[in-house]
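Structure record follows, encoded as structure tokens.
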Amino acid sequence: METINFDKRDKVKNIIENKINKNDIIENKINFKIAVIAITENGKKTADKIKKVKDVDLFFQKKGIKELTGKLFEEYDCIVFISACGIAVRCISPYLKSKFEDPAILVVDDNGNNVISLLSGHIGGANEITKEIASILGANPIITTSTDTNKKGALDVIASKIGGYIKNFRESSKYINSCLVNNKKVGIYFDENYIEEKEKLNLSGFEIIEETSIEKIKDLQAIVTVTDKIECFIDRIIEDENINYVKHIKLIPRKIVLGMGCRKETELENMLNEFYNFAYINNIHPAAIVKTGSLIIKKDELCMQELSKLLCADFILFNTEEISTCDFLFDKSDFVKKNTGVYSVAQPSAYLLSNGNVISKKYKKNKTTFAFGRMKG
């Protein structure tokens, strides 16, 4: 049995007790649902040009645009107005919440000469869609966000590309982006499980930190670490070298899945205590967990439901047929088979949730079982 370092184990407990804030979770949007509103005949012709190349929904009407906009705000990731900027601004103004919630808003002039990224340029993806539609129309893309005009990367864009959790996301993004725009030294480090992410990202303005270049850390204003670990290489260097003056921000990709099992009516406190141990032993940050799973007969177990809520993770249930497709790959228990109809629950659940990439041994203690997987891609 592995010895528990309770100081480090309590880091997991503190993360859960201080709560994982849903507002600090950034989704990686892959397929944008785009609406295009045209008001004039020329505007409709421009909209048709976009439709020929890109999958968009067209709306052509001259009245009731503000009411239509309200409906589209709830249903679409991006709204493209083929109109004057003033019309777009008046239509969207009643529905604005924040740049972390609003859809991307673009404005294209009737003749398709200019494409303007008006709202949610980073998180909403408006800047990228602006470039794409401008390319389709042979138009001029107009982007005004500071990091883009200064040809720098941006933390909120990186987060939206990867999909993950950053504690105090708004303040952290503002701080890092301000440092980049003002030519301060900002490092970025990818742990071994996320090195491939570098190829997808605009890291202009960041200094790439490798494990062979730790001396660079001492000269930085801030460092961003892309990791799903509670303690990674950068944490250890900062602690060992006492580099407390460098602001350290973690971008935690939400790629980890948690398979769970428990005896009937296991107490939440018991479930949490064993989860703290399990996460610490495997050095997995709780905010990295995007899905939890178990056998369908466990659907009413409050301890599993509550743990999933605390992790802001989807709780997914599998039937015996699904679990049976892979339970033979793991340690078998005749007792579990007799009571559930399958030989194992936690590891097969992690296997199914991660599409076959289980990354931990089974943890079994005090009426609970756990297993971690990591989603690929």
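So for the range 71-79 (the condition being surrounded by fewer than 18 Cβ atoms within 10 Å (Cβ to Cβ) and assigned to a loop (DSSP other than H, G, I, E, B)), does at least one residue qualify?
Yes, that holds for at least one residue.
If a residue has to be out of contact with any Asp or Glu (no Cβ under 8 Å at 6 or more places or on another chain) and open to solvent by less than 50 Å² (accessible area, probe 1.4 Å) to count, how many in the range 118-135 make the cut?
5
Among the hydrophobic types (A, V, I, L, M, F, W, C) and more than 26 Å from Asp7 (Cβ to Cβ): which single residue out of Val246, Val290 fits that description?
Val290
One residue is enough: does the range 299-310 have a residue meeting the conditions loosely packed, with under 15 Cβ neighbours inside 10 Å, modelled with pLDDT of 95 or more, part of a helix (DSSP H, G or I) and acidic (Asp, Glu)?
yes
What helices (runs of 4 or more DSSP H) completely inside the range 168-286 contain at least 3 residues that are acidic (Asp, Glu) and open to solvent by 70 Å² or more (accessible area, probe 1.4 Å)?
Hits in the range 168-286: 233-241.
Which one of the conditions (1) under 25 Å from the mean Cα position of the chain (by Cα); (2) under 16 Å from Lys33 (Cα atoms); (3) crowded, with 20+ Cβ neighbours inside 10 Å does Glu101 fail to meet, given that it meets all the rest?
(3)
Run Asn193 past the list (1) closer than 27 Å to Met375 by Cα; (2) of a type outside the set (A, V, I, L, M); (3) more than 16 Å from the chain's Cα centre (by Cα); (4) at pLDDT below 95 and report the number of the one that doesn't hold.
Against the list (1) closer than 27 Å to Met375 by Cα; (2) of a type outside the set (A, V, I, L, M); (3) more than 16 Å from the chain's Cα centre (by Cα); (4) at pLDDT below 95, Asn193 comes up short only on (3).
Let's see how each residue does on (1) open to solvent by 70 Å² or more (accessible area, probe 1.4 Å); (2) modelled with pLDDT of 95 or more; (3) within 18 Å of Tyr280 (Cα to Cα); (4) not in a loop (DSSP other than H, G, I, E, B):
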| site | (1), (2), (3), (4) |
| --- | --- |
| Val336 | no, no, no, yes |
| Asn339 | yes, no, no, yes |
| Ser344 | no, no, no, no |
| Pro348 | no, yes, no, yes |
| Leu352 | no, yes, no, yes |
| Ser360 | no, yes, yes, no |
| Thr369 | no, yes, yes, yes |
| Phe372 | no, yes, yes, yes |
| Lys376 | yes, no, no, no |
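Test Lys364 against the criterion of being open to solvent by 70 Å² or more (accessible area, probe 1.4 Å) and part of a loop (DSSP other than H, G, I, E, B), and give yes or no.
no
Select from the range 85-109 the residues that are free of Cβ contacts under 8 Å to residues at least 24 places away in the same chain and part of a loop (DSSP other than H, G, I, E, B) and list them in ascending order.
Within the range 85-109, Leu96, Lys97, Ser98, Glu101 meet the criteria.
Check Ser135, Ser120, Ser146 and return the single one that is over 21 Å from Asn31 (Cα atoms) and either among the hydroxyl-bearing types (Ser, Thr, Tyr) or modelled with pLDDT of 95 or more (or both).
Answer to the check: Ser146.
Residue check, Lys63 against (1) in contact (Cβ under 8 Å) with a residue 40 or more places away in the chain; (2) part of a loop (DSSP other than H, G, I, E, B), all met but one. Which one?
(1)
Looking at the structure I just gave you, is Val115 within 27 Å of Leu58 (Cα to Cα), open to solvent by less than 10 Å² (accessible area, probe 1.4 Å), touching a helix residue (DSSP H, G or I) at 6+ places or on another chain (Cβ under 7 Å) and at pLDDT 95 or above?
yes
Within the range 12-62, can you find the residues that are open to solvent by less than 60 Å² (accessible area, probe 1.4 Å), more than 21 Å from the chain's Cα centre (by Cα) and β-branched (Val, Ile, Thr)?
Within the range 12-62, Val36, Ile37, Ile39, Thr40, Thr46, Ile50, Val56 qualify.
Restricting to the range 311-321, what's the tally of residues that are open to solvent by less than 50 Å² (accessible area, probe 1.4 Å), among the hydrophobic types (A, V, I, L, M, F, W, C) and more than 22 Å from Ile15 (Cβ to Cβ)?
Adding up the residues that qualify gives 1.
Output the residues belonging to the range 36-55 that are free of Cβ contacts under 8 Å to residues at least 40 places away in the same chain and either under 19 Å from Ile116 (Cβ atoms) or in a helix (DSSP H, G or I) (or both).
The answer is Glu41, Lys44, Lys45, Ala47, Asp48, Lys51, Lys52.
The values are calculated or read from the model by the stated rules, or taken from the named source; none is laboratory data. Given the structure is predicted, the values throughout are model-derived calculations rather than measurements. For neighbour counting, all protein chains shown are included, and Cβ atoms are generated from backbone atoms with ideal geometry for every residue, glycine included. Please note that ligands, DNA and RNA were not included when accessible areas were found on the heavy atoms of the full protein model with its side chains. Shrake-Rupley method; radii C 1.70, N 1.55, O 1.52, S 1.80 Å.
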